[in-house]
1. With +1 on each Lys and Arg Cβ and -1 on each Asp and Glu Cβ, how big is the dipole of the chain about its Cα centre, in debye rounded to the nearest 20?
2. Kirkwood hydrodynamic radius, the range 102-200, all distinct C-alpha pairs: what's the number in Å?
3. Please compute the Cα-Cα pair-distance distribution of the chain with 10 Å bins starting at 0, giving whole percents from short to long.
4. Gap in Å between the Cα centre of the range 155-182 and the Cα centre of the range 38-53?
5. Work out from phi, with θ = phi - 60° and the Karplus expression 6.51 cos²θ - 1.76 cosθ + 1.60, the ³J(HN,Hα) of each residue of the range 174-185, listed in order in whole Hz, and give x for Gly and Pro.
6. Report the FRET efficiency, 1/(1 + (r/R0)^6), for D39 and K81, where r is their Cβ-Cβ distance and R0 is 45 Å, rounded to 0.05.
7. Based on DSSP loop calls and a cut-off of at most 13 other Cβ atoms within 10 Å, the longest stretch of the chain free of exposed GluC sites (Glu not before Pro) is what?
8. Using helices alone, what [θ] at 222 nm do you get for the chain, with -39,500 (n - 2.57) per DSSP H run of 4 or more residues, divided over all residues and rounded to the nearest 500?
Amino acid sequence: MKLYYFPGACSLAPHIVSKEAGIDLELINTDIRAHKLEDGSDYFDINPKGCIPALALDDGQLLTEGPVVSQYLADLKPEAKLAPAAGTIERYRVQEWLGYINSDIHKLYTPLVRQAAEDIQRAAKESLNTRFIYVNNALKGKDFLVGEHFTIADAYMFVMILWANHLKLDISKFDALNAYFGRIVARPAVQAALKAEGLA
């Protein structure tokens, strides 16, 4: 399988999941601004959405959308316990977190990355602060977002905190969030993914 990614982008989450699950993926570095691959070919020819991540399956099919790609990879190796079994409340709790991260946190970074007007960036930062208050409170007394195992939701949340640090957002007051980040970044699979993307 091939994972179309950009270093440090949201594609890092399924990349981490693949490392945690012991799934070997061919990494295809993708310029998401120019929509070009390293060989100069047009990424739109691979993924008409133009977004990453995209996972090219061995049978020729293409899966897109980070949470879906992560769930697919986790389900290939259920013994890794990266996603609870279908039909369990724990599965829905993981999906609940994936939905929240995807719609309520991830998209708030767009104005910051695209350097929108100052008032729009300020509003995005305020909203992110509110979201991180919620996550920090949810993590108090817990090692992971759901249950006692690292899941695909943790991989996604890790990337959101990584972005906050990269953009120098002040999240120092969130003790539980920062302790959580420290635990996640120390995981061997996370370090392996960061190293593979030139981020370690």
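1. So the dipole magnitude of the chain works out to roughly 660 debye.
2. Details: mean 1/r = 0.0703 Å⁻¹.
Averaging 1/r across every pair of different Cα atoms and inverting gives 14.2 Å.
3. Calculated P(r), rounded to whole percents: 9, 35, 38, 17, 2.
4. 29
5. For the range 174-185, the Karplus-derived couplings read 8, 4, 5, 5, 6, 5, 4, 4, x, 5, 5, 5 Hz, x marking Gly and Pro.
6. Working: r = 37 Å, r/R0 = 0.83.
With R0 = 45 Å, the Cβ-Cβ based efficiency is 0.75.
7. Details: sites that count: E38, E148.
Result, exposed sites excluded: 39-147.
8. Estimated from H runs of four or more residues: -14500 deg cm²/dmol.
Every number in this text was worked out from the coordinates using simple rules, so none of it is lab data. Remember, predicted model here, so these are calculated numbers, not experimental data. As a convention, Cβ positions derive from the backbone with ideal geometry for all residues, glycine included, and neighbour counts pool all protein chains shown.
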